[in-house]
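Colleague: Have a look at the structure that comes next, please.
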Amino acid sequence: MKKSTKIILAAVVIVLIYGFISYNGLVTLNEGADAQWAQVETQYQRRFDLIPNLVNSVQGIFAQEQKIFGDLADARSRYANAGTPNEKASAASQVETSLGRLLVVVENYPQLKANENFKLLQEELAGTESKIAYARQFYNDNVMPLNQAIQSFPTNFFAKLFGFKEREFFQTTQEEKKAVKVEF
């Protein structure tokens, strides 16, 4: 075998080995991002499971706030019908806005704030909100190395070859940045 053939064969073997290593690394990063997205969805589901109990405990005390209840129901429906992480994040943002308005309104009802069941639900919801924030942060922490690998040379060649795509980060929407405003 000629020396030039050996060099070409060695280069092909090196490229193949690097391709396998790149592919396996991308699969690991992709699976990590998928697992973290599942954690975000788990926390969203926990929030959505708490909302009906919170609404039921509040609903009887102030019927005039029906718009907030309708907004919460609409947001939950939007989330259930969302297909992509961005659509789900947008629907979850709508839920957060509606929940914020509900909790601001609750402040004006001392008899409700004194209700033990309501207090427990409110504490559970606050804990869930913290878990959602953590899950979103951890998702972003897993998306960053995946996106970096997909963008970095020469891994980007293998990422395109095997169909790996960048993920979008969770970002605060303009609506989430606005302060909740409740008017009576």
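The values are calculated or read from the model by the stated rules, or taken from the named source; none is laboratory data. Just so you know, these numbers come straight off a predicted model, no measurement behind them. Here Cβ is always computed from backbone atoms with ideal geometry, including for glycine, and neighbour counts include all displayed protein chains.
Colleague: Return a yes/no flag: does the range 113-120 have any residue that is among the polar types (S, T, N, Q), under 25 Å from the mean Cα position of the chain (by Cα) and either loosely packed, with under 12 Cβ neighbours inside 10 Å or at pLDDT below 85 (or both). Don't jump to the end; show me each part of the working.
Modeller: Initially, the range 113-120 is screened for residues among the polar types (S, T, N, Q), giving 115, 117.
Now drop any that are not under 25 Å from the mean Cα position of the chain (by Cα), which leaves none.
Checked the range 113-120: no residue is among the polar types (S, T, N, Q), under 25 Å from the mean Cα position of the chain (by Cα) and either loosely packed, with under 12 Cβ neighbours inside 10 Å or at pLDDT below 85 (or both).
Colleague: How many residues, within the range 122-134, are touching a residue at least 24 places away in the same chain (Cβ under 8 Å) and either closer than 15 Å to V95 by Cβ or in contact with a strand residue (DSSP E or B) (Cβ under 7 Å, 6 or more places away or on another chain) (or both)?
Modeller: The total comes to 5.
Colleague: Do we have any residue at all in the range 28-37 that's exposed (fewer than 11 other Cβ atoms within 10 Å of the Cβ), part of a helix (DSSP H, G or I) and modelled with pLDDT of 85 or more?
Modeller: Within the range 28-37, the first condition is being exposed (fewer than 11 other Cβ atoms within 10 Å of the Cβ), and the residues that meet it are none.
No, the conditions are met nowhere in the range 28-37.
Colleague: Related question: On the given criteria, is E41 modelled with pLDDT of 80 or more, acidic (D, E), under 30 Å from M144 (Cβ atoms) and in contact with a helix residue (DSSP H, G or I) (Cβ under 9 Å, 6 or more places away or on another chain)? Even if it seems obvious, please write down each step before you answer.
Modeller: Working: modelled with pLDDT of 80 or more: yes; acidic (D, E): yes; under 30 Å from M144 (Cβ atoms): yes; in contact with a helix residue (DSSP H, G or I) (Cβ under 9 Å, 6 or more places away or on another chain): yes.
Answer is yes for this residue.
Colleague: Can you find even one residue in the range 159-171 that is in a helix (DSSP H, G or I), on the phi < 0 side of the Ramachandran plot and modelled with pLDDT under 70?
Modeller: Pass one, the range 159-171, residues in a helix (DSSP H, G or I): 159-162.
Checking which are on the phi < 0 side of the Ramachandran plot leaves us with 159-162.
Narrowing the set further to residues that are modelled with pLDDT under 70 leaves none.
No, there is no match, as no residue in the range 159-171 is in a helix (DSSP H, G or I), on the phi < 0 side of the Ramachandran plot and modelled with pLDDT under 70.
Colleague: What do you reckon, is A91 within 14 Å of I132 (Cβ to Cβ), in a helix (DSSP H, G or I) and either among the hydroxyl-bearing types (S, T, Y) or at pLDDT 75 or above (or both)? So that I can check it myself, show each step before the final result.
Modeller: Details: within 14 Å of I132 (Cβ to Cβ): yes; in a helix (DSSP H, G or I): yes; either among the hydroxyl-bearing types (S, T, Y) or at pLDDT 75 or above (or both): yes.
Judged against the criteria, A91 is a match.
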